[in-house]
Every structure is written in C-alpha cells, then in structure tokens.
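What follows is one structure encoded as structure tokens, with my remarks underneath.
The values are calculated or read from the model by the stated rules, or taken from the named source; none is laboratory data. The shown structure was predicted, so the numbers you read here are calculated from the model rather than taken from an experiment. A quick note on method: Cβ atoms are made from the backbone with ideal geometry, for glycine too, and the neighbour counts reach across all protein chains shown.
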Amino acid sequence: MNATSDIHTNTTTVSPTPVSPTPVTVIGLGLMGSALAAALLDAGHPTTVWNRSPEKAKPLADRGAQVAATPEDALAAGDLVLACVLDYDALHSVLDPLAANGGLAGKSLVNLTSGAPEQAEEMARWAASHGAGYLDGGIMTTPPGVGRPEMMFLYSGSEEVFEAHRTTLATLGDPLHLGAEPGLASLYDSALLGLMWAAFTGWLHGTALVTSQGTTAAAFTRIALRWLNGAVSGFVTTYAPQVDAGRYPGDDATVDVQIAAIDHLIHAAQARGIDNALPELLKSTMERAAAAGHGGDSYASVVEVLRGDRR
Ligand code: NAP
C-alpha cells in the first residue's frame with residue numbers, strides 16, 4: 001500500500017462547522033494532555049478531564065473544564081475520548097478496568113500516547129474487542145504548539161472515527177489521516193523524530209565548528225536555514241523518486257565524491273578539537289554504499305545500505 005497517497009489533509013475536504021462543539025473527554029493531564037484540553041476549551045468544546053494526580057486538573061477547571069472524579073465518570077461524559085498518558089502500560093492501567101465493565105462500548109478512542117507501531121496495532125484490536133472505534137495519533141509538536149493550525153497531528157486507524165471527529169481534531173492542529181493501519185501514525189512519528197535528531201546533531205556539529213572561530217550560532221543558523229530550505233530540500237525532492245524507483249543516477253554528485261568531501265569536514269573538526277563521531281558514522285555508511293557498488297550513484301543509493309537485507 002502507498003500510505004502517502006491516502007493521506008487526507010484538512011485542505012482536501014471541508015467539513016461543516018458543527019452547531020455545538022462536540023463534548024470531549026481528555027484522559028491524562030501531563031504537559032501534553034493539559035495543552036490538548038486547553039485547546040479544546042479555547043475552541044468551545046465541553047471538556048471533561050481526568051488525571052491520576054487530581055491537582056493537575058485545577059488550571060483547566062479554572063478555564064471551564066469539568067473535572068471527573070474517576071475515569072468511569074470521565075468516559076460517561078461523552079463519546080469522544082482523547083488519551084494522552086506516559087506510555088501504553090499507563091494507558092492500560094487506566095482503561096482496562098473500564099473496558100472490563102463495558103465502559104468503552106460505543107466510544108471513539110483517540111490515543112495520543114506515544115508508542116511503537118505494534119503497540120498501536122495491538123491497542124486497536126483491544127479497543128475493537130471492547131466495542132470502541134480506535135484512532136492512533138502522533139503529535140508533531142510540543143505543548144506550546146498545540147492549537148496552531150500549522151502543526152501536524154498524524155492519525156491512523158479508523159477512518160470512520162477520523163471523519164466523524166475531523167473538525168474537533170482540527171482544533172489541536174492540522175489533522176492528517178495516514179491510512180487505516182493503526183501503526184502508521186507511530187511509524188511516521190518515529191521516522192520524523194529520527195530525521196529531527198539527525199538534523200539537530202548535524203546542525204550542532206556545524207555550529208560547534210563555525211563558532212570555534214568566533215561566529216555566533218545565530219549567524220551560522222541564518223545561513224544553515226537557507227541551505228536546508230533551499231538546496232537540501234531540493235536534493236531530497238530529487239532523491240525521493242530515485243528511492244521509489246530503486247535507481248540512483250549519479251548525475252549531480254556521486255557517493256565517491258561525497259566520501260572525499262566529508263574528509264574535509266572531518267579534518268576541519270579534528271583540527272578544532274570537535275567530536276567527529278557523527279561525520280565518521282556518515283563516512284562509514286557512504287563507504288559501505290560504495291563497497292556495495294554505489295560509488296558512482298547518487299547519495300540516495302545509501303538507502304540500500306540502511307535497508308540491509310529487508311527489501
Ligand atoms: P508528562 O507531562 O510526563 O505526563 C505524563 C502523564 O501520564 C500524566 O498525566 C501522568 O499522570 C500520566 N501517567 C503516568 N503514569 C501513569 C499511570 N501509571 N497511570 C495513570 N496515569 C499515568 O508527559 P507528556 O509530555 O504530557 O507526554 C504524554 C504523552 O504524550 C507521552 O506518550 C509523550 O511521548 C507524548 N508526547 C509528548 C510531547 C511533548 O512535547 N511533551 C510531544 C509529542 C508526544 P500523573 O500526573 O498522575 O503523573
């Protein structure tokens with residue numbers, strides 16, 4: 001399945017604004033759950049909240065939230081339930097006793113707790129066995145970004161739940177449905193965080209290099225962002241269809257040329273006492289691609305090394 005071709009964004013379908021905002025229950029009021037509940041309250045949704053440590057509900061009660069004394073009371077307040085707790089063990093510790101009493105039947109459970117794709121798939125089966133519709137979610141922002149339309153909220157699982165609640169979910173950020181397989185949101189979430197950490201560390205390595213000679217991080221970052229948003233963004237756009245086709249014409253810059261170029265980075269960093277673990281890792285990965293016959297191909301061919309034997 002080509003998951004990306006199935007993505008529904010907020011811009012492709014316009015849902016009518018409901019006459020009265022849907023009541024929502026929010027389970028979990030840590031940093032993220034509190035931000036979710038606050039955004040729903042700001043958008044006028046009747047919002048019922050529950051948290052293991054009840055004191056965290058106070059600021060939301062002051063903004064108009066109904067505070068449930070028990071998870072049972074929280075679920076009884078409405079059909080749409082957003083859950084955002086630490087992990088799946090915590091989620092099961094809250095929901096299992098309710099499910100055993102039939103409390104999940106007929107509910108739409110939107111799980112914004114982070115986890116592995118396999119956990120999302122298991123949770124979807126579990127929810128279905130208790131009569132609930134299940135949507136898994138990945139939040140691609142930190143709490144201050146919740147409620148901003150440019151922030152992506154990734155969803156996968158029940159299309160019925162997504163379509164029924166798209167307007168409500170749009171109060172949290174731009175809702176993107178990636179497909180019916182429940183694990184997809186988690187899979188994308190993991191992939192995007194991996195991209196972020198690699199980009200963060202590459203940027204900080206470059207920052208350490210350039211600031212060693214008096215430039216500020218802010219000055220370097222202005223140049224780095226032009227590089228990322230312009231040229232690098234263009235390279236990635238060119239390489240994506242090469243990865244899909246499994247053919248990597250080396251007509252812009254070959255792996256062999258980039259192996260030679262990364263030696264200059266390693267030399268410059270070494271001369272300034274800067275840690276070279278990241279460029280050494282990148283160089284060895286490129287060398288593995290070259291050894292596999294991709295020296296004359298584009299950088300996109302490195303994906304063959306990263307995929308290993310799993311094609
Ligand atoms: P947090 O501030 O540490 O809050 C954790 C929440 O989980 C609290 O409500 C906590 O309740 C609850 N909890 C933990 N163990 C529990 C248990 N055994 N039973 C019941 N409740 C339990 O974390 P957070 O930042 O809100 O993150 C929550 C989820 O959102 C995580 O899965 C995280 O990966 C995901 N997320 C967070 C961010 C972010 O920027 N913060 C971004 C994307 C995704 P108590 O208050 O009683 O401890």
Residues of the stretch 88-131 being of a type in the set (Val, Ile, Thr) and closer than 22 Å to Ser190 by Cα, in sequence order, are Val110, Thr113
Only one of Ala65, Ala132, Ala57 is in contact with a strand residue (DSSP E or B) (Cβ under 6 Å, 6 or more places away or on another chain) and within 13 Å of the ligand (Cβ to nearest atom), namely Ala57
Breaking point among (1) in contact with a strand residue (DSSP E or B) (Cβ under 9 Å, 6 or more places away or on another chain); (2) surrounded by 15 or more Cβ atoms within 10 Å (Cβ to Cβ); (3) hydrophobic (A, V, I, L, M, F, W, C), for Leu209 | (1)
Yes/no for Ala164 being in the same structural domain as Leu29 (by TED's automatic domain parsing), in a helix (DSSP H, G or I) and buried (at least 19 other Cβ atoms within 10 Å of the Cβ) = no
Quick one: is Ser298 surrounded by 14 or more Cβ atoms within 10 Å (Cβ to Cβ), over 30 Å from Thr141 (Cα atoms) and polar (S, T, N, Q)?
-> yes
If Arg148 satisfies every condition in (1) of a type outside the set (Phe, Trp, Tyr); (2) under 20 Å from Leu31 (Cβ atoms); (3) in contact with a Pro (Cβ under 8 Å, 6 or more places away or on another chain) but one, which is the exception?
-> (3)
Hey, can you tell me all the residues within the stretch 254-291 that are in a loop (DSSP other than H, G, I, E, B), surrounded by 15 or more Cβ atoms within 10 Å (Cβ to Cβ) and more than 30 Å from the chain's Cα centre (by Cα)?
-> Thr254, Ile274
Quick one: Thr215 ticks every box in (1) outside any helix (DSSP H, G or I); (2) over 20 Å from the mean Cα position of the chain (by Cα); (3) surrounded by 15 or more Cβ atoms within 10 Å (Cβ to Cβ) except a single one, so which number is it?
-> (3)
Matching option when the condition is under 15 Å from Ala83 (Cα atoms), more than 18 Å from the chain's Cα centre (by Cα) and either more than 11 Å from the ligand (Cβ to nearest atom) or outside any loop (DSSP other than H, G, I, E, B) (or both), among Ala120, Ala127 | Ala127
Are any of the residues in the stretch 142-153 polar (S, T, N, Q), assigned by TED's automatic domain parsing to the domain that holds His45 and within 10 Å of the ligand (Cβ to nearest atom)?
-> yes
Filter the stretch 100-113 for residues that are surrounded by fewer than 20 Cβ atoms within 10 Å (Cβ to Cβ) and either within 11 Å of the ligand (Cβ to nearest atom) or among the hydrophobic types (A, V, I, L, M, F, W, C) (or both) and give the result.
-> Ala100, Ala105
So is Asp251 of a type outside the set (Lys, Arg), within 23 Å of Thr201 (Cβ to Cβ), exposed (fewer than 15 other Cβ atoms within 10 Å of the Cβ) and in contact (Cβ under 8 Å) with a residue 12 or more places away in the chain or not?
-> no
Within the stretch 76-109, can you find the residues that are closer than 14 Å to Pro46 by Cβ and among the aliphatic types (A, V, I, L, M)?
-> Ala76, Ala77, Leu80, Val81, Leu82
